[in-house]
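Okay, structure first, notes after.
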Amino acid sequence: MPLSHLMELQTFRPPSFAGTMVFLVRNQVQQWKNHCRFSANTMLSEHRFYKHLLSGRKCVSKNTKTSVSCSYSTEQNDTLPSINQLSDARVIYAVAAALGHNKESHPESSARVPAIVKALEKMELTPKFRGSDILELQNFNLASVDDIASVHAKAYVSGLEKAMDQASEKGLILIESSGPTYATSTTFHESLVAAGAGLALVDSVVAASKNQLDPPTAFALIRPPGHHAIPKGPMGFCVFGNVAIAAHHAQRVHGLKRVFIIDFDVHHGNGTNDAFLDDPDIFFLSTHQDGSYPGTGKFDEIGIGAGEGATLNLPLPGGSGDTAMRAVFDEVIMPCAQRFKPDIILVSAGYDGHVLDPLASLQFTTGTYYMLASNIKQLAKDLCGGRCVFFLEGGYNLDSLSYSVADSFRAFLGEPSLAAEFDDPAILYEEPSTRVKQAIQRVKHIHSL
């Protein structure tokens with residue numbers, strides 16, 4: 001994401017509010033965001049605690065059978081969970097925090113995943129508190145170079161690996177010409193770890209679905225994120241397209257021909273979009289803020305050739321919130337998935353649409369993300385045997401990110417939302433309902449929904 005976009009909050013003024021009221025409400029929102037930024041900065045000082053919290057997880061290279069550290073242990077790889085473990089679990093997750101991939105004061109920092117892990121512990125949403133209901137996949141293979149090359153050009157993959165020597169010498173390098181996507185000496189390996197976690201979760205969910213009607217929903221708590229990474233290179237904080245790689249893996253390894261990808265990050269997933277433009281068997285559906293980075297994802301971007309119609313982009317006006325997304329799910333996401341009849345659902349789960357997030361100006365709440373997680377889980381149960389894997393994308397306010405992911409876990413468990421303990425309705429303002437309806441009607445017309 002270009003530096004000029006990083007902290008820019010797009011201005012949106014609800015037309016029905018008097019100027020004074022708009023100022024007061026927006027001022028209160030900004031004060032709340034500033035408060036949570038302070039909380040996030042405080043959490044950055046807990047880096048040592050995070051490393052302790054994340055110790056004991058291990059990952060192994062498929063090619064060399066040697067382990068990669070990055071806060072992981074150095075024991076040999078174990079197999080995936082047993083059938084009994086999978087049959088008991090209702091939620092399965094994997095952690096790849098990429099603690100070595102970090103740049104000071106960068107929003108996509110090494111504090112993001114540990115903040116989520118800490119929140120899950122605090123809210124008693126881990127195996128320690130839930131026993132067999134929640135399973136953490138601690139042992140998994142790195143993605144292979146061939147896995148990555150199913151989406152990305154081999155020249156890019158090999159070039160990034162060679163660049164690690166330069167990153168080791170300099171400490172940190174920029175790897176995207178037009179934006180601040182950075183790399184450290186561990187970035188290549190930690191990106192393989194992140195992609196590998198997603199593949200292992202796909203394997204686990206598919207294995208569970210062969211023996212039960214309601215397999216666990218999976219969540220890859222990983223970074224670097226992936227949905228901006230284009231086939232030829234990195235982009236917008238993203239190194240490898242984790243979801244796109246997992247989609248090809250599901251097809252190639254498990255014979256799941258039809259893959260439905262939902263991307264609710266506030267920014268358009270242009271990398272995933274581009275990877276499957278001409279593929280009729282992988283449906284990509286993105287909701288994102290209109291006019292936000294990277295400027296792609298227009299209504300008329302619907303795929304090309306054989307893939308025409310298998311890409312749906314719905315740019316939402318600034319200020320859209322919970323009401324908008326509920327309508328989007330009911331009128332666009334659900335009927336689209338029902339018509340496509342997927343074999344598995346993969347989700348690019350970006351939490352930067354939250355009203356407290358500093359990089360955009362939507363008004364999603366923790367409750368919005370609970371609704372999406374609950375509805376998507378049910379959609380997978382209805383359409384594809386419950387096979388569903390979430391992948392972490394954006395989300396840069398550590399408080400709203402961690403609370404929202406935790407509430408997504410509650411949705412997977414079928415437990416009531418605790419969003420009311422975090423969300424503050426007083427900071428919300430009127431949604432642009434007319435423009436939201438127009439956007440929904442336009443996309444429904446284009447795709448004959």
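The values are calculated or read from the model by the stated rules, or taken from the named source; none is laboratory data. Predicted, not measured: the structure shown is a model, and the values here were computed from it. Ideal geometry is used to build each Cβ from the backbone, glycine not excepted, and the neighbour counts take in all protein chains shown. For accessibility, only protein heavy atoms count, side chains too; no ligands or nucleic acids. Shrake-Rupley method; radii C 1.70, N 1.55, O 1.52, S 1.80 Å.
For this structure, a couple of remarks:
- Some residue of the stretch 189-202 being in contact (Cβ under 8 Å) with a residue 60 or more places away in the chain, part of a loop (DSSP other than H, G, I, E, B) and not acidic (Asp, Glu): no
- Count of residues meeting criterion [outside any helix (DSSP H, G or I), crowded, with 17+ Cβ neighbours inside 10 Å and in contact with a strand residue (DSSP E or B) (Cβ under 8 Å, 6 or more places away or on another chain)] in the stretch 104-125: 1
- Lys341 touching a strand residue (DSSP E or B) at 6+ places or on another chain (Cβ under 7 Å) and either open to solvent by 10 Å² or more (accessible area, probe 1.4 Å) or among the basic types (Lys, Arg) (or both): no
- Residues in the stretch 420-449 that are crowded, with 20+ Cβ neighbours inside 10 Å and among the small types (Gly, Ala, Ser): Ala439 alone.
- Among the residues of this structure, Gln166 does not count as one that is farther than 16 Å from Cys238 by Cβ, surrounded by 15 or more Cβ atoms within 10 Å (Cβ to Cβ) and among the polar types (S, T, N, Q).
- Members of the stretch 233-254 that are out of contact with any Pro (no Cβ under 9 Å at 6 or more places or on another chain) and in contact (Cβ under 8 Å) with a residue 40 or more places away in the chain: Gly233, Val243, Ile245, Ala246, Ala247, His248, His249, Ala250, Arg252, Val253, His254
- Residues located in the stretch 351-380, provided they are outside any helix (DSSP H, G or I) and among the basic types (Lys, Arg): none
- The stretch 256-272 residues that are in contact (Cβ under 8 Å) with a residue 60 or more places away in the chain, paired with ones that are among the hydroxyl-bearing types (Ser, Thr, Tyr) (beta carbon under 6 Å, 6 or more apart): Asp263/Ser286; Asp263/Ser348; Phe264/Thr287; Asp265/Ser348; His267/Ser292; His267/Tyr293; Gly269/Ser286; Gly269/Ser348
- Long-range neighbours under 9 Å by Cβ, at least six apart or interchain, first residue free of Cβ contacts under 8 Å to residues at least 40 places away in the same chain within the stretch 312-338, second open to solvent by 10 Å² or more (accessible area, probe 1.4 Å): Asp330/Asn375
- Val193 being open to solvent by less than 10 Å² (accessible area, probe 1.4 Å) and under 14 Å from the mean Cα position of the chain (by Cα): no
- Candidate set: the stretch 295-350, residues that are over 21 Å from the mean Cα position of the chain (by Cα) and of a type in the set (S, T, N, Q); chosen: the one nearest to Ala411 (Cα to Cα): Thr323
- Within the stretch 381-398, the set of residues being crowded, with 24+ Cβ neighbours inside 10 Å and either modelled with pLDDT under 95 or part of a helix (DSSP H, G or I) (or both) comprises Leu398 only.
- Cβ pairs under 6 Å, 6+ apart, first in the stretch 132-152 and open to solvent by 10 Å² or more (accessible area, probe 1.4 Å), second assigned to a strand (DSSP E or B) and not aromatic (Phe, Trp, Tyr): Leu135/Ile92; Asn139/Lys58; Asn141/Val60
- Gly321 being at pLDDT 95 or above and under 17 Å from Tyr429 (Cα atoms): yes
- Filter result for Leu99 (assigned to a helix (DSSP H, G or I) and in contact with a Ser or Thr (Cβ under 9 Å, 6 or more places away or on another chain)): no
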